[in-house]
1. Would you tally the residues in the range 65-81 being free of Cβ contacts under 8 Å to residues at least 24 places away in the same chain, surrounded by 10 or more Cβ atoms within 10 Å (Cβ to Cβ) and not charged (D, E, K, R)?
2. Return the pairs, sorted by first residue and then second, in which the second residue is part of a helix (DSSP H, G or I) and not hydroxyl-bearing (Ser, Thr, Tyr), the first residue lies in the range 43-63 and is surrounded by fewer than 15 Cβ atoms within 10 Å (Cβ to Cβ), the beta carbons are less than 6 Å apart, and the residues are 6+ apart or on different chains.
3. Could you grab me the full set of residues in the range 82-100 that are outside any helix (DSSP H, G or I) and either surrounded by fewer than 12 Cβ atoms within 10 Å (Cβ to Cβ) or charged (D, E, K, R) (or both)?
4. Scan the range 101-109 and give yes if some residue there is within 20 Å of residue 5 (Cβ to Cβ) and either part of a loop (DSSP other than H, G, I, E, B) or hydroxyl-bearing (Ser, Thr, Tyr) (or both), otherwise no.
5. Only one residue in 85, 130, 94 is over 23 Å from residue 11 (Cα atoms) and either in contact with a Phe, Trp or Tyr (Cβ under 9 Å, 6 or more places away or on another chain) or not acidic (Asp, Glu) (or both). Which one?
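Throughout, read-outs are computed from the coordinates displayed, never taken from laboratory work. Keep in mind that this is a model prediction, so the values were computed, not measured. Every residue, glycine among them, receives a Cβ derived from its backbone with ideal geometry; neighbour counts consider all protein chains shown.
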Amino acid sequence: MNIKNFKYDKVGLDRFFGSLEAKIMDYLWEVESEQPIKSVQQHLEKDKPINFNTVMTVMKRLVNKGVLVKRTEGRISLFRPVQTKAAFVEEQSKKLTENLLDEFGGVVINHMLDAMETIDQELLAKLEDKIQELKKDQS
């Protein structure tokens, strides 16, 4: 799935989704089961009142974006995420990184390394292993 609008000025899922979309996805990932629109609306209403039709429209939009799957059981539509939250974040961060590298090259890597104030030794070991692996492949 390809999320087209990455928002640098936001945090968390709001970087990939609109605010309501992010709340819906967070809830569906949290419950880990198919949910009808009414259940999602009731959960969201704990924070503030929200119209059923608004939730339905946004969930249908998420289906069209390929983030949710809809299944009909009788007269009830049930929705679930296409992938886990971890898989979604992994896929999107990989695409973002690839796009940045394609467009800006090595300067991106330099900025990523500069941004690390302290480095996790396990992460550093993985990075060193990856560099060695890439060197072997090019030999």
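1. Qualifying residue count, the range 65-81: 1.
2. Pairs found: 52/41.
3. Correct list: 84 only.
4. no
5. Only one candidate qualifies: 130.
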